[in-house]
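The values are calculated or read from the model by the stated rules, or taken from the named source; none is laboratory data. No experiment lies behind these values; they were computed from the predicted model shown. Cβ: placed from backbone, ideal geometry, glycine included. Neighbour counts: every protein chain shown.
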Amino acid sequence: MSKPQTADGYIRVSRRAGREGESFISPDVQRKKIESWAKLHEVEIVRFWEEIDQSGAKLERPMFQQALARCEGGETGGIVVARLDRFARSAVDALSSIRRLNEAGARLVSVEDNFDGSTPMGRFAIGILILIAELELERIKGGWLTAVSQAVGRGVHISARPPTGYTRDDKGRLLRNEAAAPSVAEAFRKRATGASWAELARFLEANEVYPPTGNNHWSKAGVSALIKNRVYLGQARSGTVVNDNAHEPIVTRAEFDAAQATTKSVFKQRDGSLAAQAMLGGLARCAGCGHTLKITGNTDRKSGQRSPVYYCTGRYATGHCPARANVRASLLDAYVEEQVLTALQAEDGLLAQAVTASEEIDATARSVAEAEHELDLFVNNPRLLSLLGETKFIEGVEARQRALDQARATLAQVRSQSALAEALGDGDLLQAWPSLNVQERRRLMHGLLERVIVTRADRRGRHARPIGERAQIVLRGGSTLRASGKKRAKTGP
């Protein structure tokens, strides 16, 4: 230990108001316990950290992190707490913090539990007690989480007020408000085609659709929160508890995704502007660096007319692009449009993939549940820490967390593909496509595609490579759309 005669005192109270009884230790009592221990063991408490209304289940407590940083910097020899549950209630977070202290040559001391983390037995005992503390926290939370899970499962939307566009029945379920819902849906469509937050606020106010607070004016933050709220997909949620079919949705998944995917490159577009003529604005990416392609103009020498071009600027904060891509918007847009429409019509194409993915959702959802269960069983088994040791135990937790993350990513992918089937419906999109303008087609492309990757136009003699060899179309969910091969793509930079 770098400074065996110094330490910081750490004091934490979850909630100050209304607390009493044996489970509550006031800040003053915690301080006195720490000071008494320090005097008895001839340790100088160089600084006290006191955090009020901070849960021990949360690792990112500002003062707690500062105390750990002081130990790692050699400014103090360890952390002293009145009781171990003041240090942490999460086993994984606590063990991670203890490891940081050990690596810094610092120690953790719990006064009331009479444990000193500078000894092997102390570290072992502290690990066991933290597991017990976490189990106690889970027991306390259990009743609330069970109630929340059951309510969300019944389709109850847990909030103080129903969101704009809905009313609430006597059972807590949301009902579509026919007076406001059409304007909410139109706000999503306007956002997808480039409307700003201020424009959406004016649109909603003009249609007498107001925030759930009853205020007669929308702020930009309020409109942003509305567009990002998954409740309009029919989803009820509370924390990690989600019910995707809780009530009638106001927008389709494609409309929702299109509103989220709209980027600055799609904004500030006026009819007739170059950006407004580019269907893949915000979707086209440079293969050389991964950045979104900007839009500029190219002037025809004969007619003098300007047409949009996607291009990579080449200079970024992360460095220079090694292979800058550029392509005429008319060339890339026509190729991507042809491939997407062909895939939608093919029996084994994009629509078939969407239907197949829909059938896989239940299986992948079970995989997520199994991975969550496996992680919970591992973390909440006190015997594993003693059998495996601290290092192996944490490695086991991290491995199971990676498996859970992968399962969740897979579920998100198949859900995204399934959403395409809902968006496409019974073929109405294909019938309506010829009559859509560029902005409407862009909105739908944002709902169907994740990105279009374009490589540099390396030439073969006097001709550039065909656009079909330069463009890679990536669907929502991450799968790649293969070229149909029915038409030979035009060439050009």
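Yes/no matrix, rows are residues, columns are (1) modelled with pLDDT under 75; (2) buried (at least 18 other Cβ atoms within 10 Å of the Cβ):
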site: Arg443; (1), (2): yes, yes
site: Val452; (1), (2): no, yes
site: Arg462; (1), (2): yes, no
site: Ser479; (1), (2): no, no
site: Arg482; (1), (2): no, no
site: Gly485; (1), (2): yes, no
site: Lys490; (1), (2): yes, no
query = So, of the residues in the range 284-313 that are of a type outside the set (Lys, Arg) and without any contact (Cβ under 8 Å) to a residue 12 or more places away in the chain, which turns out to be nearest to Ala457 (Cα to Cα)?
reply = Gly290
ask   = Is it the case that Ser330 is surrounded by fewer than 18 Cβ atoms within 10 Å (Cβ to Cβ), polar (S, T, N, Q), at pLDDT below 85 and assigned to a helix (DSSP H, G or I)?
value = no
note = Residue hits (the range 205-219; touching a Leu at 6+ places or on another chain (Cβ under 9 Å) and either outside the structural domain of Ala187 (by TED's automatic domain parsing) or loosely packed, with under 15 Cβ neighbours inside 10 Å (or both)) are none
ask   = With respect to Glu51, is the statement that it is assigned to a strand (DSSP E or B), under 29 Å from the mean Cα position of the chain (by Cα) and at pLDDT below 90 true?
value = yes
ask   = Could you give every pair whose Cβ atoms fall below 7 Å, whose first residue belongs to the range 464-483 and is on the phi > 0 side of the Ramachandran plot, and whose second residue is buried (at least 16 other Cβ atoms within 10 Å of the Cβ) and among the hydroxyl-bearing types (Ser, Thr, Tyr), counting only separations of at least 6 or pairs across chains?
value = Gly477/Ser416
key: Contacts under 8 angstrom Cβ, first residue in the range 28-47 being touching a residue at least 24 places away in the same chain (Cβ under 8 Å) and assigned by TED's automatic domain parsing to the domain that holds Leu68, partner β-branched (Val, Ile, Thr) and in a helix (DSSP H, G or I), 6 or more apart   = Ile45/Ile34
ask   = Restricting the first residue to the range 210-225 and requiring it to be within 17 Å of Tyr166 (Cα to Cα), which pairs with a second residue that is surrounded by 10 or more Cβ atoms within 10 Å (Cβ to Cβ) and of a type in the set (S, T, N, Q) meet a Cβ separation below 8 Å and a spacing of at least six or different chains?
value = Tyr210/Thr164; Pro211/Thr164; Pro212/Thr164
task = Starting from residues that are among the β-branched types (Val, Ile, Thr) and modelled with pLDDT of 85 or more, keep the ones in the range 301-327 and report whichever is farthest from Ala278 (Cα to Cα).
result = Thr313
ask   = Only one of Leu101, Leu108 is assigned to a helix (DSSP H, G or I), at pLDDT 75 or above and within 21 Å of Ala38 (Cβ to Cβ); which?
value = Leu101
task = Scan the range 185-199 residue by residue and report those that are part of a helix (DSSP H, G or I) and either surrounded by fewer than 23 Cβ atoms within 10 Å (Cβ to Cβ) or among the aromatic types (Phe, Trp, Tyr) (or both).
result = Ala185, Glu186, Phe188, Arg189, Lys190, Trp197, Ala198, Glu199
